[in-house]
Amino acid sequence: MNVIYTDGSCNLNIPSAGAGVFFKSRPEWNISCFVPGRQTNQRAELYAIYKALEKLVQEDTPSTTENKNLARCCIIMSDSLYSIRVVTREWKAKTNLDLVHPIWAYINQLKQNQWEIQWKHVRAHTGIHGNEMADHLANKARKEYEETILSAFKGEK
C-alpha cells in the first residue's frame, strides 16, 4: 500500500502558501511547491492533495505497475479534516471549486484504473513522521516563495 501524507502551509501576512507531499515508500516522488492562486490554508491543503493525486495519475502506467510493482491502493493522510470531507463528498464544496473539481476528476480516473483510495485524518504536529515531513515540505515551499517576494520588494527601494 502506498502511504501518502499531504500538508499545506500558509502565511496570510505576506500572503504565501506552500504544499507538501510525502510519499512514504517513494521519497523520490516527494513534492514541495508554491500554491498558485488565492493564498489560504484550505487551498494549500487541497493543493497538496491535488499534487499527490496528480503524481499517482502520472505514474500509473502499465510499465510502472508491472516493473516497479506499484500497488493500486493508497492511503492519503491529511491533517485537514476540511479537505478530507470535501474531497470524499462528505461535505458539499462551496469554495475552492477550481481545486475540488480536478481532485474529483483524478479520484475518478484512478478508480477507473482499479485504484483503491483510502483517506485518513491525522493530528497535526504530534510527531507523526510522515505528517511532519509533509509539513516540512509545505513550509519549505512557502518560505522560498516568501524570500523571493521579500528580496524583490527590497530591490525596489
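Throughout, read-outs are computed from the coordinates displayed, never taken from laboratory work. Note that this is a predicted model, so its numbers are computed, not measured. Neighbour counts are summed over all protein chains in view; Cβ atoms, including those assigned to glycine, are modelled from backbone coordinates with ideal geometry.
Annotation for ARG72 and SER151: the two label points, set 7 Å from Cα along the Cα-Cβ direction, are 4.6 nm apart.
Converting phi to 3J(HN,Hα) with the Karplus coefficients 6.51, -1.76 and 1.60 and the offset θ = phi - 60°, segment 46-60 yields 5, 5, 4, 5, 4, 5, 4, 5, 4, 5, 4, 5, 4, 8, 7 Hz in sequence order, with x at every glycine or proline.
Along segment 88-103 the Karplus relation, 6.51 cos²θ - 1.76 cosθ + 1.60 evaluated at θ = phi - 60°, assigns HN-Hα couplings of 8, 6, 6, 10, 7, 6, 10, 10, 6, 5, 5, 9, 5, 4, x, 4 Hz to successive residues, with x for each Gly and Pro.
Rounded to the nearest 10 degrees, the inclination of helix 129-156 to the longest alpha-carbon principal axis of the chain is 30 degrees.
Loop-located trypsin sites (Lys or Arg not before Pro) in segment 1-54 (DSSP state other than H, G, I, E, B) with a sparse environment of at most 14 neighbouring Cβ atoms within 10 Å: ARG38. Backbone amide hydrogens, once placed in the peptide plane, bring TRP91 within less than 5 Å of VAL86, excluding anything fewer than 5 places away on its chain. Neighbour counts of C-beta atoms inside 10 Å place TYR5, TYR82 in the sequence TYR82, TYR5, starting with the fewest.
The count of lysine pairs in the chain whose Cα atoms are under 25 Å apart, excluding pairs fewer than 8 places apart on the same chain, comes to 29. Here, P(r) means the percent of Cα pairs in each 5 Å bin from 0 to the largest distance; for the chain it is 2, 10, 19, 22, 19, 14, 8, 4, 2, 1, 0, 0. From least to most packed, judged by other beta carbons within 10 angstrom and beginning with the fewest, PHE22, PHE153 follow the order PHE153, PHE22.
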